[in-house]
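For reference, the structure discussed in these notes is given below.
Taken together, the values in this text are just the output of simple stated rules run on the coordinates, not laboratory data. As the structure is a prediction and not an experimental result, all values here were calculated from the model. Every residue, glycine among them, receives a Cβ derived from its backbone with ideal geometry; neighbour counts consider all protein chains shown.
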Amino acid sequence: MPLLALTQHQFTQLFKAGCIAAALSLGGVQVAHAQRTIAEQFIQDMKDGKISEAGADDHVVQELIIKRSIPITYDYIDMLMNTPNAFGPGVACTVCHNSNDPSKSYRGLDLSTCKGIIKGSTEKPKRALFTPGTDPKRDPLIRRLRNNRMPLGLGFEASTFTPNHMLVKQWIADGAKNDEHFNKDVLPLFSQANAFGHNTPACTACHMSNQEPPSFHELNLSSHAGIMLGADSVAKGVDKATKVIIPGNPDDSFVWQHLAENRMPPGIAPSEARDHPNTTILSAWIKQGAKCD
Ligand code: HEC
Ligand code: HEC
């Protein structure tokens, strides 16, 4: 029925019905909450003092995007991969990773398409860089953006295949035992300057006890017990300490990952934010399912 055809009486009835409907929908606090826009919710959180103080590099992203579950689009991820300095100073990812042809693109990794990002490295060892829908913090893509190669400050030009590197890798592969070989040939490497690169301090200069400061991540690389205990054993408790050695599996062992993997983009300084806002956004896109549309 067209509005103009309504009689005065009919119009009044309709108007009343509308008011009742509006009153009903505003009646319950629950209903009103559900109808808040994201901006209204943000203003309410400010009034309630729920916005955390600035401090972290990704503070804005955490407060306005992650905590409010804003969907991240692939368009934004695509732009990041093609833009210089997107994750800290350096050339764009797609300059070096733009096809599945390993003769043209490092690791046969194509970061220039959504399918390519999900497929991962196609050169041996082939591997996906994350599992969509899960936290990718320890998976290859995000750890390459966050983790500095050790000893801290060592550049990509320094070999990751020196005899000392191979001694550590083999020791882990053989079960990470506390035997004579370990104590004579492997353990001393961690307390020796220049063991894994020129002009570098010993690992134990920065990881010497379970006290932070001075020992980064409460990691003690000066004894077998300390190495096997792992990182952050005081902060998290001994049972929940971060294991840095997985006996028999160097690739999953953080000690080996930190010795062998260069942070991306190559040449980035360790002082650059590890929680770069765009790294946090890339992680969120993966956690949300790494959707391509
Ligand atoms: C100047 C060239 C260059 C740029 C730019 C570059 N990479 Fe790399 N990337 C490499 C090289 C070389 C390797 C293999 C050597 C190594 O492992 O360090 C590699 C390896 C990787 C790996 C490991 C793949 C695997 O199979 O484990 C990932 C992930 C990665 N890069 C991601 C990125 C991301 C993300 C960016 C952009 C921030 C980026 N790269 C920028 C050269 C580059
Ligand atoms: C100059 C100080 C310094 C030196 C030397 C150093 N590290 Fe680190 N290490 C750090 C810092 C800072 C971090 C924090 C994470 C980062 O920057 O990636 C760290 C993190 C780590 C982690 C990760 C712990 C975790 O919770 O996941 C491991 C494993 C590690 N270092 C091993 C080593 C090894 C092995 C050596 C020697 C080859 C070494 N470090 C030398 C400063 C240092």
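Note on the chain: dipole from Cβ charges, positive end direction compared against Leu221, Ser103, Thr37; the farthest Cα belongs to Thr37. When you restrict to C-alpha pairs under 8 Å that are six or more residues apart and normalise by the size of the range 163-260, the relative contact order lands at 23 percent. Based on DSSP H assignment, which helices of the chain show an axial Cα extent of at least 24 Å together with a mean Kyte-Doolittle hydropathy greater than or equal to 0.0? Helix filter hits for the chain: 8-27. At 0.36 nm per residue, and after removing the present C-alpha to C-alpha distance, how many nm does the segment from Gln35 to Phe161 gain when stretched out fully? Gain on stretching Gln35 to Phe161: 39.5 nm.
The shape of the range 163-260 can be summarised by an equivalent ellipsoid whose semi-axes, obtained from the alpha carbon gyration tensor, come to 20, 17, 12 Å from longest to shortest.
For the range 141-190, a/c is not less than 1.5, where a ≥ b ≥ c are the root eigenvalues of the C-alpha gyration tensor, and a/b tops b/c. That puts it in the prolate class. Modelled this way, with points 7 Å down the Cα-to-C-beta line, the labels at Gln192 and Asp232 are 3.2 nm from one another. Rounded, prolate or oblate for the range 38-191? Axes are the square roots of the Cα gyration tensor eigenvalues, ordered a ≥ b ≥ c, and the cut-off for rounded is a/c under 1.5. It comes out oblate by the Cα gyration axes. With an a/c value of 1.5 or above and a/b larger than b/c for the gyration tensor axes a ≥ b ≥ c computed over the alpha-carbon atoms, the chain is described as prolate. In this Cβ point-charge picture (+1 for Lys and Arg, -1 for Asp and Glu), the chain has a dipole of about 600 debye about its Cα centre.
Of all aspartates and glutamates in the structure, those lying under 16 Å Cα to Cα from Lys177, and not within fewer than 8 positions of it along the same chain, are Asp185.
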